[in-house]
1. So, of the residues in segment 293-342 that are of a type in the set (A, V, I, L, M, F, W, C) and in a loop (DSSP other than H, G, I, E, B), which turns out to be nearest to the chain's Cα centre (by Cα)?
2. Of all the residues that make up segment 227-278, how many are farther than 23 Å from Q506 by Cβ and not in a helix (DSSP H, G or I)?
3. Would you check if there is a residue in segment 500-515 being in contact with a Pro (Cβ under 6 Å, 6 or more places away or on another chain) and not aliphatic (A, V, I, L, M)?
4. Output the residues belonging to segment 415-433 that are more than 23 Å from the chain's Cα centre (by Cα) and crowded, with 18+ Cβ neighbours inside 10 Å.
5. Checking the conditions here, which among F738, F643, F675 is of a type in the set (F, W, Y) and over 38 Å from the mean Cα position of the chain (by Cα)?
6. Within segment 638-739, considering only strands (runs of 3 or more DSSP E) that don't extend past its boundaries, which have at least 2 residues that are over 17 Å from L593 (Cα atoms)?
7. Can you pull out the residues in segment 434-449 that are of a type in the set (G, A, S) and surrounded by fewer than 20 Cβ atoms within 10 Å (Cβ to Cβ)?
8. If I299 satisfies every condition in (1) over 27 Å from M464 (Cα atoms); (2) crowded, with 24+ Cβ neighbours inside 10 Å but one, which is the exception?
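The values are calculated or read from the model by the stated rules, or taken from the named source; none is laboratory data. Note that the structure is a prediction, hence the values are computed from the model and not measured. Cβ atoms come from the backbone with ideal geometry, glycine included; neighbour counts cover every protein chain shown.
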Amino acid sequence: MSTSVQLKLLTLLNVSAIKRPREADQPGAQRRSISVSPSIQPHPQSSTTVESSVELDSGEEPPKKKNKRGVSFGGEVGPSGSGSWKKGKTQGKQTSTALKEDVSQDEEALGQSVLPLGSSVGQGSAMGEEASHLVADEDTDDEGKQESATSMNALIALTEDPFNVHFAPEPPILKAQSLSAAEAGEWRSSKKLLNGLGPVVQMLPGKIEAIAGSSVNGSAPRITPAILETFNAQHPTQSAVLSSTLDVIGQYQDMFLHGLDGDADGTGAGGFGPETEDVRSAVAMHALNHVMKTRRRIIKNNEKLARGNENDDPPQDSSFVRPKVLLLLPSRHLALHYLENHLFPLAPLGTQIENRKPFATSFGLPSDYTDPLDTAEAKEKYPADHIANFKGNTDDNFRFGIKFTRKAWRVIMPPANEEKLIGCDIIIASPLAIRMTADKERGSVDYLSSIEVLVADGLDVMSMQNWAFTQWVFSHVNGEPKETHGCDVSRLKPWYADQQAKFLRQSIFISRYETPEMRALFNRQLFNVEGKIRMDRTNYPGLLGQVRKGVRQVFSRIPCNDPVEELDVRFKYFTDTTLPALLKSAVSRTATLIMIPDYYDFVKVTNFMKKRDDFSFTAISEYSSNQEISAARTAFFKGKKDFLIVTERFHFYRRYRLRGAKTLVFYSLPDHAAFYPELMAGPFIPSATGRQTIDVDEADVSSRVAFSKFDWLKLERVVGTEAARRMVTDRDETRFTFV
């Protein structure tokens, strides 16, 4: 510890003792020394000693705690005369081409050398180093003063705890240059390494070194002791993924995690592997710790105001509404999994969880119902990711909350209106529910106005539901509320009043794989000036090895350099090049399956083909009925229709084994890489009796794939990173064949 820091700490201690020497003897107060459980590992800097004559612990036995006056929780109602009341002021859709431009620009901008992750991300998170230690939080108040003048560690924690620094009334990171850079989308990127997670991209606001920089200097996150005790019991040993995730999110930086457990290319555990579960455990503990520390700060300040001088200025510790954490999930099954496996186990001993049984009943399946995907037969028939997505209660319309009190955790069961949700600490909802209920509640989403930690898990599934709803949620979080909802304006943090909460909100993304839409959301709608980190895997082996040998696969690069024109160029390439080539060949003129990822392109292509009378086709999408699907599959298999057109979302929801095709055309590669080898295996799938009714020669089966350089994320997952790099950058060849 430097001499200047020592002098500062001693000065604060002495000033506090001179101004209020008998503060601890006033009614309702108490003297105590802060004890830390032996199982909790100390902060690395806590061993530094300071030469002084100040006694840090008197060793006196604290007197019995006296009863204190009760006050309302959450900063809604302070002591008499402490605040004024007034009403608050009432107050697009992205194209896929622009999203792909984000990916292209990011790939070109990151041509820097890979270095170990520095102190701005977290101590001990570099590759090859030991995981950083979790530190028990000291018992300090909101104003940055010691509750007990006998604890040096408590005072040190005030300047090192990322929570106290990042969400202070005047955070040091909220600089004019950083705010303008984040608003303008000017981020400085560099490649780093994280132990367990591999290569990552770190983004800091501003293009010059002086603007960027973390306000917490990589200090270890401080955890509420009761939560840390249960977390250590759940995780006696921490994996590298768990430790690295805690390091990053503990600094309140945004984080985008994808491709864990090999899920990016469909070869993993389907979204519930050990790495993904470790990340969810870290996220649940971090979110709960944030809520508990926020709650404790407000309660203590309420108690101080209740027994203190009414002329004292009220602390700036409040927000518009109470909810601080939003957990955005695609299905009830995942919500049940989160709470039962990651959040509820963190409850301290003796904590009552109210409405737990009704919640499990509502979000699970009936006890007398057998899940068809929870059988040995289903595990042999369907891939792991399909079972994970559709096992259990798959309802995607839910919105509820959790409220924490001193002795109980209460689940606010759905249907929960806005008034009930505003009294919660954590909101768990699907994008669909938030969007639909906003229309019913006069467009109000005031319960999202004070979100400080946003976790979006299952983004890959949300992209298959309705991505526009997810974008809508992010564009309305941290907006100005339409009503006051009992907010004590005198205690409101200045950056809430200045509409700067979005620059401090932490967002955490979890997905099986990355898409241009997710990259665009991460780059354009997250403004956290503390910085962002996203995984950047660059060693995909590809899935061509899963395709039967002898099958000819032709990848053709579309000549397009403008992402704005990419959609039109792709359609023109299909109508002028691909379709005429199919009709010229006797083999590909019939028994051809065409897969189109986007529904908009699906409608465009089918409308064009309806105008032609020189071939027949049938089409099925995610909106087709069971009867329409059955009729289309039968007609195509029996040769009554020459072409069968399907969408990626149809295959995502149904996962049918489409038989009868000998030529497979990919209008564009699917986002889910595993769909490519699955569809390529269709011609060789035996009938329901287990026998191949018609012998199929590998030489008679082929595929045609159209891609552009803006399809980089899809392409590298299918053909592999090395092959994709050559296919995108080769100036001489535009046609690549794999056999």
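1. Pass one, segment 293-342, residues of a type in the set (A, V, I, L, M, F, W, C): 298-299, 305-306, 320-321, 325-329, 334-336, 339.
From what is left, the residues that are in a loop (DSSP other than H, G, I, E, B) are 320-321, 329.
Details: F320: 24, V321: 22, L329: 9 Å.
So the residue we want is L329.
2. The total comes to 9.
3. Step one: list which residues in segment 500-515 are in contact with a Pro (Cβ under 6 Å, 6 or more places away or on another chain), which gives none.
No, the conditions are met nowhere in segment 500-515.
4. Taking segment 415-433 as the starting set, the residues that turn out to be more than 23 Å from the chain's Cα centre (by Cα) are 415-420, 423.
A416, E418, G423 - these are the residues of segment 415-433 that are more than 23 Å from the chain's Cα centre (by Cα) and crowded, with 18+ Cβ neighbours inside 10 Å.
5. On the way: F738 fails: over 38 Å from the mean Cα position of the chain (by Cα); F675 fails: over 38 Å from the mean Cα position of the chain (by Cα).
Sole residue among the options that is of a type in the set (F, W, Y) and over 38 Å from the mean Cα position of the chain (by Cα): F643.
6. Details: elements: 643-647, 663-666, 702-707, 735-738.
In segment 638-739, 735-738 are the strands (runs of 3 or more DSSP E) which contain 2 or more residues that are over 17 Å from L593 (Cα atoms).
7. Once the filter is applied, which keeps residues that are of a type in the set (G, A, S) and surrounded by fewer than 20 Cβ atoms within 10 Å (Cβ to Cβ), segment 434-449 yields A438, G443, S444.
8. I299 satisfies all of (1) over 27 Å from M464 (Cα atoms); (2) crowded, with 24+ Cβ neighbours inside 10 Å except (2).
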